[in-house]
Amino acid sequence: MRVSASVFSLCFSALVLSVRVQAESGKGIVLHLPTLPKRGKAATSFPSSTPTSSPRGGADSATVAIASPQQGLRYALWIALNTGFVNGCCLSGLVASKKQGVSAVTGAWTNSAVGLAQATLGSKAGMTVFQEQLSVLVSYMAGSAIYGLLNPNPTAWQLVRSSSGWALLLAAGLLWLASTLTTSADGPMTTLCLAAVACGIQNSLTSSHSGNLLRTTHYSGMSSDIGTFGGQLLRGNKANAFKFSAFWQLGAAFWIGGFASIYLGQGQSAQTKLAASAVVPFLAGMAILFVLPSNPKK
């Protein structure tokens, strides 16, 4: 379990850094989004995308505005596309000798159970499977825990500029670090675990601040919802029309990312492919920290 120990040590260091960032940032900077309609109400009844003007005028540097939930979805689509690319690289064996999903971890739950069961029956290979699957599973949860520490009390459709921005930069750094270890002795599992931590951070961010609407790495439940809401639409119930649209768009983006992991960059090294995946969270983090415009003062 040398790989697990090193990855978990890195995750613990990141957790400590997360607490420091949260403590030093205080309340942070809040990114406000309009509230999505509640279940049962018309999905088209979004608030106006025009920011409310302030009697005092000017802009509040503590907040920045996104025009609409649809715009928030567009940002999430880029993350879903990128995590699909990362998962495709790892699951296809392009960046490591082992083929392992790092964003959709449903299989890791079952595979770890099967591996442990086989190990109890005397299979050494079963114990190896158990250890590897548990490492990826815990790494993904560690990434989610990092963002939970950065934002312990998330509010739907509000992003804290400091902690959210730094979380995405951390995810970018982990993907870059994973790319540098693809050729090392412990490269395969270390690379996969670091990529899983990065995916956990990104999914926790998008999910926490959208009422679990914008999930960008895991699609088992979303696939079920697409079927459920599609059936409702066929019977004339349009209450979840926006969710249906958002889910299939996120799923399509994730699928395209997986397709692109094979089709694009043929002949490129594993290190180059995984390093390229760090660009999206890096740019997103920088945008949250420094680029997005301020909200009008209230």
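The values are calculated or read from the model by the stated rules, or taken from the named source; none is laboratory data. Bear in mind that the values here come from a model prediction, so they are computed numbers and not experimental data. Note: ideal-geometry Cβ built from the backbone for every residue, glycine included; neighbour counts use all protein chains shown. Remember, those area values only see protein heavy atoms, side chains included, never the ligands or the DNA or RNA. Shrake-Rupley method; radii C 1.70, N 1.55, O 1.52, S 1.80 Å.
Observations on the model:
- Backbone geometry of region 128-133 corresponds, through the Karplus equation with coefficients 6.51, -1.76 and 1.60 at θ = phi - 60°, to 3J(HN,Hα) couplings of 4, 4, 4, 5, 5, 5 Hz, x marking Gly and Pro.
- Using a simple spin-label model with pseudo-atoms 7 Å out from Cα toward Cβ, Val291 and Gln71 lie 1.4 nm apart.
- In a fully extended conformation the segment linking Leu121 and Gln249 would gain 41.6 nm over its present Cα-Cα distance, using 0.36 nm per residue.
- Using the Cβ-Cβ distance between Lys98 and Thr272 with R0 set to 25 Å, the FRET efficiency works out to roughly 0.80.
- Maximal additional length on extending the Asn237-Asn212 stretch stands at 6.9 nm, based on 0.36 nm per residue less the C-alpha distance.
- Shown is the FRET efficiency for Val279 and Thr180, computed with R0 = 22 Å from the Cβ-Cβ distance and rounded to the nearest 0.05: 0.90.
- Other-chain or far-sequence residues with amide H under 5 Å of Val160's (modelled H): Leu31
- With all protein chains modelled, accessible area of Val95 [1.4 Å, Å²]: 10
- Solvent-accessible ranking of Arg161, Arg235, largest area first, probe 1.4 Å: Arg235, Arg161
- Packing here is the average count of other Cβ atoms within 10 Å per residue, and on that basis the peptides 70-83, 114-127, 133-146, 219-232, highest first, run 133-146, 70-83, 219-232, 114-127.
- Estimated at 0.36 nm per residue, the fully extended path between Tyr263 and Ala156 surpasses their Cα-Cα distance by 34.9 nm.
- Each residue of region 97-105 is assigned a 3J(HN,Hα), and the resulting list reads 5, 8, 9, 8, x, 10, 10, 9, 9 Hz, derived from the Karplus form 6.51 cos²θ - 1.76 cosθ + 1.60 (θ = phi - 60°), x at Gly and Pro.
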